[in-house]
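Shown next, in structure tokens, is the structure this report addresses.
We did not get these values from a lab; they are worked out from the coordinates using the rules stated. Because the structure is a prediction, the values reported are computed rather than measured. Cβ placement follows ideal geometry from the backbone for every residue including glycine, while neighbour counts extend to all protein chains displayed.
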Amino acid sequence: MRRTHVCLSGGWLSTALLCLPVVCLPVGVLSLVSVGQLAASPMAQDAAAAQEKTQDEAAAVKEETIEVVLAEGRLDFQAPKVWEQKKPRFNIVEAEFGANCSKPDVDPARLTIMASGGSVDANLERWIGQFSQEDGSDTEDKTKQKQEKVNGMTVHWVDITGTYADSAGPFAGNATQRKGYRMLGAIVETKVVGNYYFKMYGPKETMEEHEKRFLEMVKTIKLSL
């Protein structure tokens, strides 16, 4: 490696150590040639190619999923394989999963999927009502809601945080109050098999790890006519 010298207005300028031939150029051409030569150097091209390959490989890596079929084969979606499929606690639940946290001392999240009666608004209200705030503020004011189309079906999204009243069953009393919990919910409206309810809840740390998986899972839902 040698030091490159460039002739500038009768003098000499010593640049950084570069593997470039000795040149003598007008001042106005210096920056253009230097940048062009650096960008075209084999080392720069190799580095750019390596970075592009790494990005492509990262984008190509997708988690394994399992197909879940509901509504007598008329509704299906892809669930992350890292989740543990469980036997539903109650008959009204059609599918149930557990999602562990990477921290050993943090509880897992629970996901339930079912068809249910009642209006969308009534069920959203019920979910919001399962949370309270330590400062006494209104949970609904802190709840995030949105609506979008997924594969031709309307999906109502909800994101709730606070203290969750974890009940042993739909009609059981004496719920356990779980502080620092979060719920991600999606109500999928279908014209063929009614509304389907995806409800995932657990400690905030666990939910943060699985939020993206939950959103991607719901977006794979398909309806067979």
Checklist entry - Reachable aspartates and glutamates from Lys144, Cα under 20 Å, same-chain residues fewer than 8 places away excluded? => result Asp121, Glu125, Glu134, Asp135, Asp159, Glu189, Glu205, Glu208, Glu209, Glu211, Glu216
Checklist outcome for this item: Here segment 132-146 yields Karplus 3J(HN,Hα) values (6.51, -1.76, 1.60; θ = phi - 60°; whole Hz; Gly and Pro given as x) of 9, 10, 4, 8, x, 6, 7, 4, 4, 5, 9, 7, 9, 9, 7
Checklist entry - From the Cα gyration tensor of segment 69-225, with a ≥ b ≥ c the square roots of its eigenvalues, which class applies: rounded if a/c is under 1.5, or else prolate if a/b is larger than b/c, or else oblate? => result prolate
Checklist entry - Among the listed pairs Lys62/Lys142; Lys179/Lys212; Lys179/Lys199; Lys146/Lys191; Lys142/Lys191, which are separated by more than 29 Å between their Cα atoms? => result Lys62/Lys142; Lys142/Lys191
Checklist entry - All other residues with a Cβ under 15 Å from the Cβ of Gly73 taken together, and with Lys, Arg as +1 and Asp, Glu as -1, what is their net charge? => result -2
